[in-house]
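Here's the structure we're looking at; comments come further down.
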Amino acid sequence: MKEKVIVILKDNERIDDLQIKNLKIIQNTDGFCFGIDSVILSDFAKDIKKNSKVIDLGTGTGIIGFLLIAKTNLANITGIEVQAEVADMANRSIMLNNLENKFNIINCNIKNILDNVERESFDVVVTNPPYKKNNTGGKNENEKKLISRHEILADINDFIKTAKIVLKDKGTLYMVHRPERLSDIIYSLRENKIEPKKIRFVYSKNDSKNAKLVLIKAVKNGGDFLEIENPLYIYRENGEYSDEIINIYNNNN
């Protein structure tokens, strides 16, 4: 019988039930709590092959890692997180869920990745990177949110370059980002010989003029065939979640 794990919560922290396989996560209401983009990305990436070695670039609280552990048969996942306080929070969530043998966190900047992992040693990269260019748009004064949302410590090209470094030949990258950055993303992917294979746009509602998010699947040294999947709508006209989003959340039970 396993000993009960005692996890100490810090100021403004709470434990949230992920409602999938009894997993829980520690979040800080003063920092950056996960959103629907991470949930959607984990569903988009659930075709990860059995026994894959996965790395999550910019893991934050570890949400994508926990959901992928629940939804797939991956071998293990490594989360890279630049903020020491957030990395510590993710580590305590791993302990809370007794997943030390499945999930590990490395506190470093992705630009220093080779100081911590071997080149071309992962089958899959997942990432929900900062969406906003540095020095653009309004900035939240909270430093943790600032680093999570703006390309202050690493930009989209850094994330894609890092994916190239750590992915094996024919390894797969899954990313969620903002549609307005898509041209930058595709340019960087091709510059780094990671070929986009699937793109899916995510809209708030079916009558929304512009997409809210874009999901991208790309393969290192893959062929040049690209599939645009049907749109994903988050809400119905009445403001309730769409059937597909309900389905995604129901699959968490």
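The values are calculated or read from the model by the stated rules, or taken from the named source; none is laboratory data. Since the structure is predicted, the reported quantities are computational estimates derived from the model, not experimental observations. Quick reminder, even Gly has a Cβ in these numbers, built from the backbone with ideal geometry, and neighbours come from all protein chains shown.
Return the residue satisfying two criteria in turn: it lies in the range 47-84 and is part of a helix (DSSP H, G or I) and touching a strand residue (DSSP E or B) at 6+ places or on another chain (Cβ under 8 Å), and of such residues it is modelled with the lowest pLDDT.
The extreme case among them is A84.
Kindly evaluate I26 against the criterion of being in a strand (DSSP E or B) and over 15 Å from the mean Cα position of the chain (by Cα).
yes
Taking the stated definitions as given, is A163 over 30 Å from L114 (Cβ atoms) and small (G, A, S)? Before the answer, list the steps.
Working: over 30 Å from L114 (Cβ atoms): no; small (G, A, S): yes.
In short, no.
One residue is enough: does the range 105-127 have a residue meeting the conditions hydroxyl-bearing (S, T, Y) and more than 18 Å from the chain's Cα centre (by Cα)?
Scanning the range 105-127 turns up at least one residue that is hydroxyl-bearing (S, T, Y) and more than 18 Å from the chain's Cα centre (by Cα).
For the range 24-41, how many residues meet the condition of being in contact (Cβ under 8 Å) with a residue 60 or more places away in the chain and either within 19 Å of N247 (Cβ to Cβ) or among the charged types (D, E, K, R) (or both)?
Here the count works out to 8.
Taking the conditions exactly as written (touching a Lys or Arg at 6+ places or on another chain (Cβ under 9 Å), of a type in the set (V, I, T), part of a strand (DSSP E or B) and under 22 Å from I64 (Cα atoms)), does V219 satisfy them or not?
yes
Pick out the one residue from I160, I94, I105 that is of a type outside the set (D, E, K, R), at pLDDT 95 or above and assigned to a strand (DSSP E or B).
Just a single option satisfies the conditions, and that option is I105.
What about I245, is it crowded, with 18+ Cβ neighbours inside 10 Å and in contact with a Pro (Cβ under 7 Å, 6 or more places away or on another chain)?
no
Considering only the range 109-116, I want to know if a residue exists there that is in contact with a strand residue (DSSP E or B) (Cβ under 8 Å, 6 or more places away or on another chain), modelled with pLDDT of 95 or more, surrounded by fewer than 16 Cβ atoms within 10 Å (Cβ to Cβ) and closer than 20 Å to I64 by Cβ.
yes
Quick grid of which residues meet (1) touching a helix residue (DSSP H, G or I) at 6+ places or on another chain (Cβ under 9 Å); (2) hydrophobic (A, V, I, L, M, F, W, C):
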| site | (1), (2) |
| --- | --- |
| K170 | no, no |
| I185 | yes, yes |
| I194 | yes, yes |
| A211 | yes, yes |
| A218 | yes, yes |
| E237 | no, no |
| E240 | yes, no |
| I246 | no, yes |
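Please find, within the range 6-39, the residue that is surrounded by the most Cβ atoms within 10 Å (Cβ to Cβ) out of those that are small (G, A, S) and within 14 Å of I64 (Cβ to Cβ).
So the residue we want is S38.
Among the residues of the range 166-179, is there at least one that is part of a helix (DSSP H, G or I) and under 18 Å from the mean Cα position of the chain (by Cα)?
Yes, the range 166-179 has at least one match.
Could you please find all residues in the range 32-65 being in contact with a helix residue (DSSP H, G or I) (Cβ under 7 Å, 6 or more places away or on another chain) and under 13 Å from D16 (Cβ atoms)?
Across the range 32-65, the qualifying residues are F34, S38, V39, T61, G62, I63.
Output the residue which, of all residues in the range 62-77 that are aliphatic (A, V, I, L, M) and buried (at least 24 other Cβ atoms within 10 Å of the Cβ), is nearest to L167 (Cα to Cα). Talk me through it step by step, then tell me what you get.
Filtering the range 62-77 for residues aliphatic (A, V, I, L, M) gives 63-64, 67-70, 74-75, 77.
Those still in the list that are buried (at least 24 other Cβ atoms within 10 Å of the Cβ) too: 63-64, 67-68, 77.
Details: I63: 21, I64: 18, L67: 21, L68: 18, I77: 13 Å.
If we take residues in the range 62-77 being aliphatic (A, V, I, L, M) and buried (at least 24 other Cβ atoms within 10 Å of the Cβ), then I77 is nearest to L167 (Cα to Cα).
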